[in-house]
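Chemist: The following block contains the structure, expressed as structure tokens.
The values are calculated or read from the model by the stated rules, or taken from the named source; none is laboratory data. From a predicted model like this one, the values you see are computed outputs, not experimental measurements. When we count neighbours, we look across all protein chains shown, and the Cβ atoms used for this are built from the backbone with ideal geometry, even at glycine. Heads up: the accessible areas ignore ligands, DNA and RNA and are worked out on the full protein's heavy atoms, side chains in. Shrake-Rupley method; radii C 1.70, N 1.55, O 1.52, S 1.80 Å.
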Amino acid sequence: MGNATIGVGLGLSVLGIAFVVSQFATGQGTVAGAPSRPPAVVNAGVALVATSTPPPTPPTSFVSSPTPASTPPPAAATPTPTPSTTPDPLTATPYSSSGKRYAALRAPVGYTFTAPFAGAVTVRRYQLIGGELRVDSLLPGVPFFPYVTLESADRRVIFRPGALDVDTEVIVKDGDRVAAGAPLFTISGEGASSWHTFYDRGVTANVIASVSALPSGSELDPVAFFGGR
């Protein structure tokens, strides 16, 4: 009976030792297979770093904006000068010949005579050949003198300027119809009207002009006509 008890006790001891060994082996296997985690102390340190309070931001210095200079009062508006009208350099003085009235017109070189009214233009060229006037002749070496006539339904004006292409440049052509203010001819030289060559050596004006009423043909005062333009 005593031997049996000892045998049972030894068997139980062996079983207990085997159980402890098996448990130890199982625990080692679990520790090796589990993913490693940092110790709690490390986690606590990380938490402390993550939640650490940032250093205080230095106070922002405020720069006062400069006070804007006061706006000067607006300058007084300069009054617009009234445009001055340049006086027409054309002058008209009375001239008469054979009982008829004419206007002796004087204008500087470069001056352009314009149509005083709308109408039809006639241009004729005269030459003094052998003491005789020839119209639209073509004798070379003898100066040509243009007569420029402007005619409307109720008036006619005849201009008698100086030598063609020497003292006068004719702009219009024979048969033209022009509006009031259209250029007719330009004074290009200092020479006198054809009247100086044809009839009167005392004439010094650039142009001798006459004005008449139509259809009657009665003469009108040419000085008043050109002086009132």
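Chemist: Checking Val166 against (1) open to solvent by 40 Å² or more (accessible area, probe 1.4 Å); (2) part of a strand (DSSP E or B), which test does it fail?
Modeler: (2)
Chemist: On to the next question. How many residues does segment 125-144 contain that are among the hydrophobic types (A, V, I, L, M, F, W, C) and within 14 Å of Val166 (Cβ to Cβ)?
Modeler: 2
Chemist: Tally time: how many residues in segment 161-174 are of a type in the set (Asp, Glu), modelled with pLDDT of 95 or more and more than 21 Å from Glu151 (Cα to Cα)?
Modeler: Final tally of qualifying residues: 1.
Chemist: Filter segment 111-153 for residues that are assigned to a strand (DSSP E or B) and of a type in the set (Phe, Trp, Tyr); which is most open to solvent (accessible area, probe 1.4 Å)?
Modeler: Checking each candidate, the answer is Tyr126.
Chemist: Within segment 154-163, take every residue that is within 19 Å of Asp200 (Cβ to Cβ) and of a type outside the set (Gly, Ala, Ser) and give me the one that is surrounded by the most Cβ atoms within 10 Å (Cβ to Cβ).
Modeler: Pro161
To keep it simple, each residue is scored yes or no on (1) part of a helix (DSSP H, G or I); (2) open to solvent by 20 Å² or more (accessible area, probe 1.4 Å); (3) in contact with a Phe, Trp or Tyr (Cβ under 9 Å, 6 or more places away or on another chain).
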site	(1), (2), (3)
Lys173	no, yes, no
Phe185	no, no, yes
Gly189	no, no, no
Thr197	yes, yes, yes
Gly202	no, yes, no
Ala205	no, no, yes
Ile208	no, no, yes
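Chemist: Being open to solvent by 30 Å² or more (accessible area, probe 1.4 Å), modelled with pLDDT of 95 or more and either within 46 Å of the chain's Cα centre (by Cα) or at positive phi (or both) narrows it down to one of Arg177, Arg229, so name that one.
Modeler: Going through Arg177, Arg229 in turn, the sole match is Arg177.
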